[in-house]
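Contents: one structure, followed by commentary.
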């Protein structure tokens with residue numbers, strides 16, 4: 001079973017219900033807090049705004065899929081990449 005594929009269907013609360021011990025729940029909550037605090041994840045109400053990622057693997061590469069959140073600044077993707085690469 002691919003955990004990410006299965007867990008993407010569940011809310012955080014439903015995922016916690018699947019955990020077996022209090023220590024597991026605490027570790028999971030710390031993990032979620034870490035992701036949110038470090039802007040690696042966010043809480044949303046409507047998952048339909050996120051298209052499913054293609055999980056097909058076709059060649060070895062450090063990065064094959066990404067979601068880029070460019071925020072509210074009005075720059076083109078090319079400008080962002082140029083600033084990021086320098």
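The values are calculated or read from the model by the stated rules, or taken from the named source; none is laboratory data. Since the structure is predicted, the reported quantities are computational estimates derived from the model, not experimental observations. Cβ coordinates were reconstructed from backbone atoms using ideal geometry, including for glycine residues, and neighbour counts include every protein chain displayed.
For this structure, a couple of remarks:
- Residue list for region 17-26, restricted to those being in a helix (DSSP H, G or I) and under 16 Å from residue 7 (Cα atoms): 17, 18, 24, 25
- Of all residues in region 70-86, those being at pLDDT 70 or above and exposed (fewer than 10 other Cβ atoms within 10 Å of the Cβ) number 6.
- Filter result for residue 50 (farther than 17 Å from residue 5 by Cα and either modelled with pLDDT of 90 or more or out of contact with any strand residue (DSSP E or B) (no Cβ under 6 Å at 6 or more places or on another chain) (or both)): no
- Just so you know, in region 1-14 the residues that are more than 15 Å from the chain's Cα centre (by Cα) and assigned to a helix (DSSP H, G or I) include one that is surrounded by the most Cβ atoms within 10 Å (Cβ to Cβ), and it is 14.
- The number of residues in region 38-55 being assigned to a helix (DSSP H, G or I) and surrounded by 10 or more Cβ atoms within 10 Å (Cβ to Cβ) comes to 1.
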